[in-house]
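Working notes for the structure below.
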Amino acid sequence: MRIVSLLPSLTESVCAVGACTRLVGTDRYSNWPTLVVALPKLGGIEDVSLEQIATLHPDVVLTSRVARGVDRLEELGIPVVALEATTLADVHRVLLVVGRLVSSTERGEAAWLQIQAQINVAARRIPSRWRGKRVFFEVSEAPHAASAGSFIGELLALLGLSNAVPANLGPFPQLNPEYIVRAQPDLIMASERELGTMASRPGWSELQALRRGNTCGLESARFEVLVRPGPRLGEAAEEIADCLSGLNPRAAQ
């Protein structure tokens with residue numbers, strides 16, 4: 001009945017199974033739906049406030065497997081469920097687990113079916129000229145990419161797109177910037193802020209995708225939808241379809 005969530009995707013999953021009002025605290029980055037914004041903010045994966053969590057008397061704490069302090073919470077007698085989602089299958093599993101925790105497994109499955117339905121609709125909206133094109137999806141600067149083995153890469157594949165970064169590099173590898181220049185992806189997706197700096201990176205002015213405007217730069221709130229492995233991945237698919245539908249038809253040639 002009293003849930004603490006320390007990861008935005010888990011917060012969103014709790015709400016997706018109809019248990020948003022059971023949340024009593026979240027990590028500092030959880031900002032959707034708006035109902036969770038006013039909840040106590042308990043830090044992040046690296047600096048979670050154990051003392052503050054204890055004062056909230058949660059029945060369970062949902063967190064990442066790599067979060068610090070999990071063992072201390074268990075020592076305090078606070079049940080912890082550590083979950084991680086790097087693939088779409090993981091997203092499905094997390095929704096079912098969260099649903100089961102709140103006695104609503106059916107809602108977990110329903111949330112997953114909704115994601116699938118939205119992806120299917122979005123896939124039909126992808127212009128044929130972009131199908132099979134190779135995408136470089138930058139998750140964060142450095143650059144860290146979403147490879148074909150990540151939930152983002154799998155989403156792109158369901159939309160008929162290819163990936164410039166193979167799965168064997170890991171789901172979210174940090175790449176040498178020269179790797180991207182050599183790869184010459186057909187399309188670049190990133191946050192609006194990072195996309196605006198790419199042409200100034202050493203050698204990146206040679207990227208044909210940047211020169212031709214074959215890019216999807218998303219403002220912060222919409223980019224979050226794409227990089228969070230949770231119940232809004234159907235919306236993420238729609239965001240991609242919206243961007244590709246709006247690009248210059250000649251750009252894909």
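The values are calculated or read from the model by the stated rules, or taken from the named source; none is laboratory data. What you see is a predicted model; the values in this text were computed from it and never measured. Positions of Cβ are generated from backbone atoms using ideal geometry, with glycine treated the same way; all protein chains shown enter the neighbour counts. Note: areas computed on protein heavy atoms with side chains; ligands, DNA, RNA excluded. Shrake-Rupley method; radii C 1.70, N 1.55, O 1.52, S 1.80 Å.
Details
- For the chain, averaging the sequence separation of C-alpha pairs within contact (under 8 Å, six or more residues apart) and dividing by the residue count gives a relative contact order of 17 percent.
- Residues whose amide H falls under 5 Å from that of Asn163, counting only those 5 or more places apart or on a different chain, are Val135, with hydrogens built in the peptide plane.
- Each of His144 and Thr34 was given a label point 7 Å from its Cα along the Cα-to-Cβ line. The distance between the two points is 3.0 nm.
- Its residues counted as N, the stretch 17-82 yields a C-alpha radius of gyration over 2.2 N^0.38 Å of 1.05.
- Relative contact order for the stretch 1-120, counting Cα pairs under 8 Å that sit 6 or more residues apart, in percent: 24 percent
- Charge dipole of the chain about the Cα centre (unit charges at C-beta), most positive-ward option of Val17, Leu169, Gln52: Leu169
- Under 5 Å from the amide H of Leu23 lie the amide H atoms of Ile3, each residue being 5 or more positions distant or on a separate chain, with H modelled from the backbone and absent for Pro and chain starts.
- Three-way shape label, the stretch 75-166, alpha-carbon gyration tensor, a/c 1.5: oblate
- Carbon/sulfur fraction of accessible area - the stretch 120-214, other protein chains in place, 1.4 Å, %: 50 percent
- Student exercise, the chain dipole from Lys, Arg, Asp, Glu Cβ charges, in Debye to nearest 20: 800 debye
- DSSP-defined beta bridges in the chain - what % are antiparallel, rounded to 5: 15 percent
- Summing charges over all other residues whose Cβ lies under 14 Å from the Cβ of Ile3, with Lys and Arg as +1 and Asp and Glu as -1, gives 0.
- Rounded to whole numbers, the Karplus 3J(HN,Hα) couplings from phi for the stretch 77-84 are x, 9, x, 10, 10, 9, 10, 9 Hz, using 6.51 cos²θ - 1.76 cosθ + 1.60 with θ = phi - 60°, and x at Gly and Pro.
- With semi-axes defined as the square roots of five times the eigenvalues of the C-alpha gyration tensor, the equivalent ellipsoid of the stretch 1-159 measures 31, 18, 13 Å, largest first.
- Angle between the chain longest axis and helix 105-125 axis [Cα atoms, degrees, rounded to 10]: 10 degrees
- The stretch 126-143 - phi-based ³J(HN,Hα) in whole Hz, Karplus 6.51/-1.76/1.60, Gly and Pro as x: 5, x, 4, 5, 9, 5, x, 6, 8, 10, 9, 10, 8, 7, 7, 5, 1, x
- Computed from the C-beta positions of Asn248 and Arg65 and an R0 of 30 Å, the FRET efficiency is 0.10 to the nearest 0.05.
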